[in-house]
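A quick write-up on the structure given underneath.
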Amino acid sequence: MKAKMTLFIVSTFFLLLLNSHTVSAERPFVNPNIPDGETITYTTTIGDKSFSVVEHVTIKSDGQRELYEIISLSDSIDRKLVLDKETMAIVSVHTLRKYSEVTLDSKLKVMDEKPVLDGDEVKLADFAVMTYVFRGFPFTKRDSLKIGFYGEEQQRQFAFKATYKKKETVTVNEKTIECHKLEFGLDGFWGTFFPKMNVWYSVNPPHYLVRYKGLVGPPGSPKRDMQLLNYTTRKDNFPHPFDNM
């Protein structure tokens, strides 16, 4: 009887440990509590070209969960991103890339996503939405997080990683904002050969992006410097090209 009781206690302990690990693995991010109607304007420089980017957030529901719908508008790219409000998981991405001779319309929808069992890694469906998702990073509570992308081979050659650096005061548009600094880049030996991407988020919730300095996308893409110009919250209609799509 004593042996059976011991076996039961040990089994229960490992079951709880497994469930705890699974929950942690499923939710590497937390809800940053972005307000409904948040509207942010950025000034962005890529090479010798400067332009504005306007982003607007609307809180919606699909009947089962609340969602963040984030609209980003600029001269070259319009994007509608939908995230799960509680986990910051990507639900869908709709992108319009505008060129002088053509506009390219692409849609991505995440279906049947399986949780990553490694609690130190998150998998993303689109590199371009990484900075949005990381508004939910548990700043000061986690030192780093490995980043994988769906579609990679099992034996990938390069490990991508986000590292929490420190709190840092950033001045943009004559405003001084206390920020959390994250560094994105390749991990290990190869990281010394490729430039890092530095991102600053406001210390105070909802941890909005204050500055981004690094590559536009994966290694080999052009450099971008993106800085906060204006932050406000408003619930009026925000017209965008995805209304009728």
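Brief remarks follow.
- Applying the criterion of being under 23 Å from Asp236 (Cβ atoms) and among the polar types (S, T, N, Q) to the residues of segment 52-101, the residue that is surrounded by the fewest Cβ atoms within 10 Å (Cβ to Cβ) is Ser61.
- Scanning segment 195-211 for residues that are touching a residue at least 60 places away in the same chain (Cβ under 8 Å), assigned to a loop (DSSP other than H, G, I, E, B) and under 12 Å from His180 (Cβ atoms) gives Val203, Pro205, His207, Tyr208.
- Looking across segment 32-70, the residues that are in contact (Cβ under 8 Å) with a residue 60 or more places away in the chain and touching a Pro at 6+ places or on another chain (Cβ under 9 Å) come down to Pro32, Asn33, Ile34, Pro35, Glu38, Ile46, Gly47.
Values quoted throughout were computed directly from the atomic coordinates according to the rules given, and no laboratory measurement underlies them. Note that the coordinates shown come from a computational prediction; the quantities given were computed from them, not determined experimentally. Neighbour counts run over all protein chains shown; Cβ positions are idealised from the backbone, glycine included.
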